[in-house]
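Presented below is the structure to which this report refers.
The values are calculated or read from the model by the stated rules, or taken from the named source; none is laboratory data. Predicted model, so just to flag it, every value in this text is computed and none were measured. Heads up, the Cβs are rebuilt from the backbone with ideal geometry, glycines too, and the neighbour counts pull from every protein chain shown. Just so you know, the surface numbers come from the protein's heavy atoms only, side chains and all, with ligands and any DNA or RNA stripped out. Shrake-Rupley method; radii C 1.70, N 1.55, O 1.52, S 1.80 Å.
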Amino acid sequence: MEVKGGGHAAPGRGGLIVFLNGTSSSGKSSIAKELLRVLDEPCFHLPVDAFHAMRSRREVPAEDLPGVLRRTWAGFHRAVAGMAAAGNNVVVDHVLSEEWRLLDCLDLFDARDVVLVGVRCSPEELQRRERERGDRPAGLAARQLQRVHAHGLYDIECDTTTASPLDCARRISAFLPRRPQPTAFQQLRTRLLPGR
């Protein structure tokens with residue numbers, strides 16, 4: 001299963017997971033859309049926002065909301081794992097603002113086949129984008145900023161403050177054939193899930 005630049009899954013393994021992690025409004029979805037254009041093989045963009053959008057619009061009591069959100073994220077992780085296990089290349093955009101989300105993904109995904117991409121953006125630009133979008137709570141990205149990158153390890157990073165989504169996608173695509181082993185996910189798994 002080839003992707004542009006020679007990234008592929010070994011025989012008997014699943015598809016490649018390009019895992020974009022960054023705050024809200026950092027540009028993950030825009031990069032993912034460009035990646036689908038520049039990668040040669042079929043690829044699926046699985047955004048967590050799409051999973052939240054699938055949930056019924058019924059009002060959820062405030063005390064139940066954390067559980068509903070956690071189950072949504074957990075289901076999203078399992079959908080990604082299932083798509084990759086079936087041999088599909090997947091581009092994921094994610095917000096690792098809670099440690100359990102990273103631990104869950106480390107436990108579920110084949111760490112050898114995950115390319116962990118840090119999507120960064122300056123606080124000033126995040127604030128500008130939030131104002132322009134108007135569909136996110138003010139200050140959401142700023143509140144997520146420190147927690148999202150707390151694990152501190154990536155295979156590759158992009159800064160969307162000045163780089164366009166297409167530039168970032170091309171950079172990621174060019175990185176795929178020379179991605180090192182062990183991957184960031186393998187290193188994080190060893191560090192955070194010892195003995196598994």
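Among the conditions (1) more than 20 Å from Ile156 (Cα to Cα); (2) surrounded by fewer than 19 Cβ atoms within 10 Å (Cβ to Cβ); (3) touching an Asp or Glu at 6+ places or on another chain (Cβ under 9 Å), Ala50 misses just one, which is (3). Out of Ser173, Ser164, one residue alone is over 26 Å from Met83 (Cβ atoms) and either among the small types (Gly, Ala, Ser) or in contact with a Pro (Cβ under 6 Å, 6 or more places away or on another chain) (or both). It is Ser164.
Taken residue by residue, the range 76-88 has at least one member that is under 26 Å from Pro165 (Cβ atoms) and in contact with an Asp or Glu (Cβ under 8 Å, 6 or more places away or on another chain). Summed over the range 97-138, the residues that are of a type in the set (S, T, N, Q) and part of a loop (DSSP other than H, G, I, E, B) give a count of 2. Considering the range 178-194, and only residues there that are of a type outside the set (D, E, K, R) and open to solvent by 60 Å² or more (accessible area, probe 1.4 Å), the residue that is farthest from the chain's Cα centre (by Cα) turns out to be Pro194. Taking the criterion of being open to solvent by 30 Å² or more (accessible area, probe 1.4 Å) and more than 20 Å from Glu34 (Cα to Cα), the residues of the range 84-121 that qualify are Ala85, Ala86, Glu98, Glu99, Trp100, Leu103, Asp107, Leu108, Asp110, Arg112.
In the set (1) loosely packed, with under 13 Cβ neighbours inside 10 Å; (2) within 15 Å of Asn21 (Cα to Cα); (3) not hydroxyl-bearing (Ser, Thr, Tyr), Gln144 fails one condition alone, (1).
Before we move on, is Phe51 modelled with pLDDT of 95 or more and closer than 19 Å to Ser30 by Cβ? It is false that Phe51 is modelled with pLDDT of 95 or more and closer than 19 Å to Ser30 by Cβ.
For Glu59, are the conditions met, namely being open to solvent by 50 Å² or more (accessible area, probe 1.4 Å), over 30 Å from Arg171 (Cβ atoms) and modelled with pLDDT of 95 or more? No: the conditions fail for Glu59. When the residues of the range 1-35 are filtered to those that are more than 14 Å from the chain's Cα centre (by Cα) and modelled with pLDDT of 95 or more, the one that is least open to solvent (accessible area, probe 1.4 Å) is Gly15. Return yes or no: is Phe44 at pLDDT 90 or above, surrounded by fewer than 23 Cβ atoms within 10 Å (Cβ to Cβ) and either charged (D, E, K, R) or not in a helix (DSSP H, G or I) (or both)? The answer is yes for Phe44. Scanning the range 162-177 finds no residues that are assigned to a loop (DSSP other than H, G, I, E, B), open to solvent by 70 Å² or more (accessible area, probe 1.4 Å) and within 21 Å of Leu39 (Cβ to Cβ).
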